[in-house]
Structures are given as structure tokens and as C-alpha cells.
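Here's the structure, in C-alpha cells; my notes come after.
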């Protein structure tokens, strides 16, 4: 008989589903955008964010599988501890640490990129490739530095043991060793020898805190930093919203030059989608991380619950951002559909738009064809009339050249 905490079961299932959805959404979009040279340059920061979200999803998916194996394979998993430094050698944990910090930094970098577009549109258009490359370089430098510093601090300042699950925050369970704290704990038992799956409540009582490989004080700083980055990205997008109203009006080239006008139109659509996505980010990322940071500062008995569900909010926010950009933005949507041989007619959400677009194109083509035919007929008619008039003139030969009239002698 294996005793499994209800909180453990919910945590594993949520982590599994969120990680799987995040990976399945981001991997195809990252693949399609990375193969298109123009999109790869134009949306470089967003592409890096897609890859990081995909890595975050893979790490969450594998982390759920790893914890499920530990729970099912070791009946006394809650009492098994190991050196916390060994958790830092687990590639799944390392990917999770990197993605958690990188997502917040990249959201802020994407807001800065939008601010540059609306602040210096002409320079951004002329030097787009150079600007995007520098953004990617600086962002990667910051994210890798944060990752290395995080791992170093966890390795040096942590002398405690960690659970075999390698959690970054304490999880409340009756089986875990540690200091007691008041709270509700419901355990479920499952007898694998029974024919059907039978789960029964066996215990309600006090909980104990699972040891973590993250130092407590440093975990507070990480939660506060993530909340600050998310909030700063939202504030930056607010500045972008104010600046976008004057976007392109400073330079007459955005009105007279066709390429600049196209660039302006594309960037405005992309900026509007980013602003809309930021509103959802406020609900799914900023508020949960602020609550998590407050919980770490106040250190209540259920801090782990706030931290765990704030992490799920970050997963959902990454899914929201990718879906918003890949479905709402035509260039990315068409590129994904082309790479994976999808048809607009087979997708219900795009069928009506496709039919309207096709009808409009056909109507425009017929109008252009009629204008060409009518123009050709008018030109032919005027040519025939001119030739007939010239032929009626005296002394005009058939070859159209003027005849030389000799004077009378």
C-alpha cells in the first residue's frame, strides 16, 4: 500500500499537464519562426522567449514524471533525504532554474524592444538586424549570468538536506521530516493488489515542511525579483501604449515610402497584440508572483502553496503569450501553417476569415482583369480610328509615312 498526499497528486498532475501544453504550443511555433529568415530577424527576442518557454514546458513535464516515479517507487519517499547539492546536478532542475529566471527577463526585454520600435522607428527600421542581434546578445548574457549566480549561491550557501524530489520550496506533507506547522493534510491510500483503483482518506492532521535545496533567504529574493521584472514589463508596455499614438508621425517617410508604411503597419499590429498579452500577464504572472513574494516575506505556514500555484500561473502566462502571438498575428500564423502543411479551410477558427479573404481577392482580380480588357479595347479602337483617318488623307501611303508632293512645273 502506497500513501500519497492529495497535494502531491494535484501538484504532479498540474505540473504534468501545464508542462506538456507549454511544450506542445511553443515547440512548433519556435521551429516555424526560426526557419524563416525575415521573421527570425524581425522578432528575435520573441523567438528566444518561445524557445525558453518550450524549455520551461519540457522541464515541467519531465519534473512531473520524475516526481511520479519517486512517489510510486518509494513508499517512504517523504522520509528520504539527500545532499542538496546533488539536486543542482539534475539537468531537469537546472533547466527549471534557468527558465524561471529567463522568462521574466525576456518578458521585460520584449517590452524594451517594443519601446524602441515606437521611440526610434526610422533607426529601428534601418538597423533592425543589428538592434535585434544586440538585444539577443545582451539578454542571453543577463539570463546566463543570473542562472550561474543562482546555482552558485544555492551550492555554496546551502548546508541542508533536500528531499529526493528536489523541490525548490517546501511542500506540506505529514510524511516529510522537519518543523511542524498547523495545516490540513489529506492522505490517500491506494492498494495496487485490488482489482479496481480504490482511494480512501486515511488521515487529517498537522503538516510538516519538506526540506528544500533553495536557501530560504535567497528564495525570497528570487520571488521578489521575478515579481519586480513582471511588473516592470507591464509598466514599460504602458509607456509603449502612450508612445504608439505618435508612432511614425514625426517622419513624413512613413507616409510616402511604401516599405516604411508596411513596416509601420506590421509593427503596430504586433505592438497591439503585445499590449493585449500584457493585460493577461498582469493576471497570470504579476499578481501571482507578487502574492508569492509577499508570502515569502511574511513567511506564513502555507508559503509553499502560494509559490507552487504562482509557478502554474507562470506556465499559463507563457501559453497565453505564445497563443496570442501565433494565432493573432498573421505572419506567424501563416508561417506555422505553411511549415506544418495546414490549410485554413480545415481550421474552423480561420474558415470564415479565409472565405472572406478569398472572395475579396477574387473580386479584385476580376476587377483588374476587366480594367485591362477595357483598356486594351479602347487602345485598339483609338489606333484603328487614327489609321482610318490617316488613310483618308490625300497623299498618304499605306505604310503610314508622309508622301512628298512635287510642285507643278
Handout entry: Two-site FRET efficiency, residue 81 against residue 309, from Cβ-Cβ distance with R₀ of 25 Å, rounded to 0.05
Key = 0.50
Fill in the blank from the handout: Final fewest-first order of 17, 95 on the 10 Å Cβ neighbour count is 17, 95
Problem - Estimated inter-spin distance, residue 144 and residue 37, nm [label 7 Å along Cα→Cβ] - result: 2.6
Completion exercise
Once both label points are put 7 Å beyond Cα along the C-beta direction, the residue 134-residue 69 separation in nm becomes 4.6
Practice task
Treat each spin label as a single point 7 Å out from the Cα along the C-beta direction, and report the residue 261 to residue 126 distance in nm.
Solution key: 2.2
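Every number here is computed from the coordinates shown, using simple stated rules; none is lab data. Quantities reported herein were computed from a predicted structural model and do not represent experimental measurements. Glycine also receives a Cβ, built like all others from the backbone with ideal geometry; neighbour counts cover every protein chain displayed.
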